[in-house]
Amino acid sequence: MSAGRRLIRAASPAVALGLWQLLTSLDVNAWLRFEQFPTVDEVASAFADRLGTGPYWQDLGHSLRRIAVGFLLAAVAGVAVGTAIARSRWAADLLGPLVEAVRPVPAIALVPVAILLLPTNEQGIVFITFAAAFFPVVVSTRHAVRALAPAWEEAVLTMGGGRLRVLFSVVLPGALPGVFGGLSVGIGVSWICVISAEMISGEYGVGYRTWQDYTILDYRGVFVGMATIGALGWLTSTAVELLGRRATAWLPRPAARGAAGARRPAFRGAGRTPERTGSGRAAGPAPAVTAVPRKEPVP
């Protein structure tokens, strides 16, 4: 990444924070009301105070554990179900209608189902996290597997490979870019739903603490929770993307922009001035003359 792009990426949040500080410190009230917003200094001070307390790290650990368990279960189950639907007619007929019927339902709307179905709130929150990430992974895996070129599978079958060899040597490696695309979407949706579930039925966690701060009108604490959620989501999404790049490092990467224009294909006669025809138009490069080897006389 160039230095200019790094500068722009660093300047973007700095400008947003500066604008936030300016509007809140001046108590701007022009349609949007900033007089009740805490300033950046107040949120930073509250955030520093929270970092030194045990409950903050306890809430952080609970949210991360719920995300880890629910997301890993969704990744394994989503890849398996998506691959089965794409590869098997029986799975497509049995599981496809169920997936399409439940997929439009928001995961947070399944909270009453989780409360009625599962014995503890902890299991219910993990279930909501699982449901949030499961469907993006299923859909992306299904499309990625169906988009594979059949020539690869035919090549393995021609060389005597079986169905398992095709699955682990062709299907899963070839579908990895699409799978990690679904995982990147799934981890973001998982954070949205786990925070919402913690607000509704949780006892610990970042979402639970943020909602408690709101009920006692501690707006600085609310913004500390929002900043924590944003940082956790960004770190986990970055981790998934880095893992995806490492897992697909064997794939060809697109050339850098401008590299194609820097190199021009060399051709015979390059650099020569094109000859002018009688009409004044430039003629193309002279055709290359291939030297015919002279035969030696036979004694």
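Every number here is computed from the coordinates shown, using simple stated rules; none is lab data. Everything numeric here is computed off the predicted structure, so don't read it as measured data. Please note: Cβ atoms are built from the backbone with ideal geometry, for glycine as well, and neighbour counts cover all protein chains shown.
Structure summary
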read-out	value
Under 11 Å, Cβ to Cβ, from Ala197 - net charge with Lys/Arg +1 and Asp/Glu -1	-1
Extension gain (nm, one decimal) between Leu242 and Arg33, 0.36 nm per residue minus Cα-Cα	71.3 nm
Part-to-part distance (alpha-carbon centres) for segment 30-89 and segment 173-192, which is given in Å	16
Protection proxy ranking, peptides 13-25, 139-151, 32-44, average beta carbon neighbours within 10 Å, highest first	139-151, 32-44, 13-25
For segment 44-92, alpha-carbon Rg relative to the globular expectation (2.2 N^0.38 Å, N residues)	2.01
Convex hull (Cα only) mean projected area of segment 116-243, reported in nm² to one decimal	10.0
